[in-house]
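Beneath this line is the structure, given in structure tokens, with notes to follow.
The values are calculated or read from the model by the stated rules, or taken from the named source; none is laboratory data. This structure is a prediction, so every number in the text was calculated from the model and none was measured. Backbone-built Cβ (ideal geometry, glycine too); neighbour counts: all protein chains shown.
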Amino acid sequence: MFGAFLVLLVAPLVASPPPSDQDAMNSGERVGVHWRHGKLWQAARARDTQLMLQLPVGDVAQGDLFTLGVEVEEPIISEPESDPKWNIRFLAGSGLTSILSEVIHARIDFLEDTYFYGFTLGRSLWRDPWGIPLDISGNVGAFHHLSGHGVEDIVQFLLFIKLEWTKFPWDRYLRTRIGFSEGISYLTENTYTEIVTRNFKPSRRLLNYLEFSLSLNLADLLTVTRISKLFPDDDVSSLDHAWITGALHHRSGGSGLYGDFTNQFGQKEGVGEGSNYLSIGATIQF
């Protein structure tokens, strides 16, 4: 009787021998490879169990491992962090006696004792339209103008659309953005810079606004200049959304589009050239 019981106990094991490691590997799900004890090992999980098997797949030079990956379990891919939608710029600069065409040809003359500072706030409206590397944003801003010529405490308000080209061949070293803005500018009173630029001819408080800007990523700039080595562990990733920005600001009447004035001969003349300013500052995306 005891012999019969032993036969009943052993028979299922004899009839269904356990699968070999290689059989389990073939019927399982391969989830990765890893390096251990000088050999490359292949990891698999049986399809109907949580059992993990590891089998050597050959002697592979450890230096070649970087081409194969090292996960033992299925990787979990996290969603990429979305790019910031908002940006704020803090800028300060000086007025110019140069007109726009002279500035474009690098003939720049600063007007002594004229200063301004302020901020702009923008939100991205459309990124990469039709696959073009552009960031289109809506912006508002305010600047405070000062001068040592008896004209001061003037505030300028801005409303403009900005287009920034965001892709350049050298972005792997230094991310760069070049912007062009179009909108309107309102002054509570005409600045001394505008009075001089227009040769003391009357102007308008509301004029067209143009801006040309260049932004360089601060984290990249610190890295390429090796200044990042002054930071703990050479880590400047916290500055990844900060940019150094330079800008040329231009006010003009659009050849009379924003109104005219009466010249010394009693004739109506459209407001043309307004004023130009250069600034430098920082842009923070959030």
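Residues in the range 149-177 that are in a strand (DSSP E or B) and β-branched (Val, Ile, Thr): Ile154, Val155, Ile161, Thr176.
Is at least one residue of the range 177-187 surrounded by fewer than 16 Cβ atoms within 10 Å (Cβ to Cβ), basic (Lys, Arg), assigned by TED's automatic domain parsing to the domain that holds Pro129 and at pLDDT 95 or above? Scanning the range 177-187 turns up no residue that is surrounded by fewer than 16 Cβ atoms within 10 Å (Cβ to Cβ), basic (Lys, Arg), assigned by TED's automatic domain parsing to the domain that holds Pro129 and at pLDDT 95 or above. Out of the residues in the range 166-186 that are hydrophobic (A, V, I, L, M, F, W, C) and without any contact (Cβ under 8 Å) to a residue 12 or more places away in the chain, which is nearest to Ser137 (Cα to Cα)? Of everything passing the filter in the range 166-186, Phe168 is nearest to Ser137 (Cα to Cα). Selection within the range 202-227: residues that are over 23 Å from the mean Cα position of the chain (by Cα) and not hydrophobic (A, V, I, L, M, F, W, C). The member of this set that is surrounded by the most Cβ atoms within 10 Å (Cβ to Cβ) is Ser203.
Filtering the range 106-155 to residues that are polar (S, T, N, Q) and under 19 Å from Phe180 (Cα atoms) leaves Thr120, Ser124, Ser137, Asn139. Can we say Leu163 is of a type in the set (A, V, I, L, M), in contact with a strand residue (DSSP E or B) (Cβ under 8 Å, 6 or more places away or on another chain), over 22 Å from Pro129 (Cα atoms) and assigned by TED's automatic domain parsing to the domain that holds Gly138? Here the answer is no, as Leu163 does not meet what is asked. Residues of the range 94-107 include none that is under 26 Å from the mean Cα position of the chain (by Cα) and modelled with pLDDT of 95 or more.
The residues in the range 108-133 that are surrounded by 17 or more Cβ atoms within 10 Å (Cβ to Cβ) and either of a type in the set (Gly, Ala, Ser) or at pLDDT 95 or above (or both) can be counted, and the count is 5. Answer with yes or no whether Asn199 is among the polar types (S, T, N, Q) and surrounded by fewer than 17 Cβ atoms within 10 Å (Cβ to Cβ). Yes; evaluated as a whole, the condition is true for this residue. If you go through the range 166-218 and keep only what is small (Gly, Ala, Ser) and over 30 Å from Pro129 (Cα atoms), you end up with just Ser203. Among the conditions (1) within 17 Å of Leu100 (Cβ to Cβ); (2) in contact with a Lys or Arg (Cβ under 8 Å, 6 or more places away or on another chain), Asn190 misses just one, which is (1). Restricted to the range 207-230, and to residues there that are in a helix (DSSP H, G or I), touching a residue at least 12 places away in the same chain (Cβ under 8 Å) and not small (Gly, Ala, Ser), the residue that is nearest to Thr283 (Cα to Cα) is Leu218. Restricting attention to the range 69-78, does a residue exist that is touching a helix residue (DSSP H, G or I) at 6+ places or on another chain (Cβ under 6 Å) and at pLDDT below 95? Scanning the range 69-78 turns up no residue that is touching a helix residue (DSSP H, G or I) at 6+ places or on another chain (Cβ under 6 Å) and at pLDDT below 95. Filtering the range 189-206 to residues that are assigned to a helix (DSSP H, G or I) and of a type outside the set (A, V, I, L, M) leaves Tyr192, Thr193, Glu194, Thr197.
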